[in-house]
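Computed from the coordinates by the stated procedures, all read-outs in this text should not be read as laboratory data. All values derive from a computational prediction rather than experimental measurement. Neighbour counts run over all protein chains shown; Cβ positions are idealised from the backbone, glycine included.
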Amino acid sequence: MLSGILKSDVAIQVHIQIIRIFTRMREMLLANKDILLKLEILEKDVKENKQDIALIFEALKQLLNRPEEKRKMIGFKPDDV
């Protein structure tokens, strides 16, 4: 506050720097606010789609854990006469 009242060149420069710093801080807070809002939206979407994702993974597990069928042997077979 004192730098705004004093008339010296140094006081004026300090006052200008203080104003610039507070302006940057406000911009950073607003930018972070946007990021936080986007994260909240993503979190909400994930929660809504959680059941669908679980269903997909369950289907994949079933495909990977299918019991193997007996294979028919291939190769030379002597005739049973």
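Observations
- Charge dipole of the chain about the Cα centre (unit charges at C-beta), most positive-ward option of Ile21, Leu37, Pro67: Ile21
- Near Lys38, once Lys and Arg are set to +1 and Asp and Glu to -1 for all other residues with Cβ below 14 Å from its Cβ, the sum equals -2.
- Net charge dipole, the chain: roughly 280 debye, given to the nearest 20, about the Cα centre with Cβ charges of +1 for Lys and Arg and -1 for Asp and Glu.
- Mean residue ellipticity (222 nm) of the chain, computed from DSSP H runs ≥ 4 via -39,500 (n - 2.57), nearest 500: -27000 deg cm²/dmol
- The loop-placed trypsin sites (Lys or Arg not before Pro) in the range 7-53, going by DSSP, that have at most 10 neighbouring Cβ atoms within 10 Å of their Cβ come out as Lys7.
- Estimated translational diffusion coefficient (Stokes-Einstein, Kirkwood radius over Cα pairs, 4 °C, 1.567 mPa s) of the chain: 64 µm² per second.
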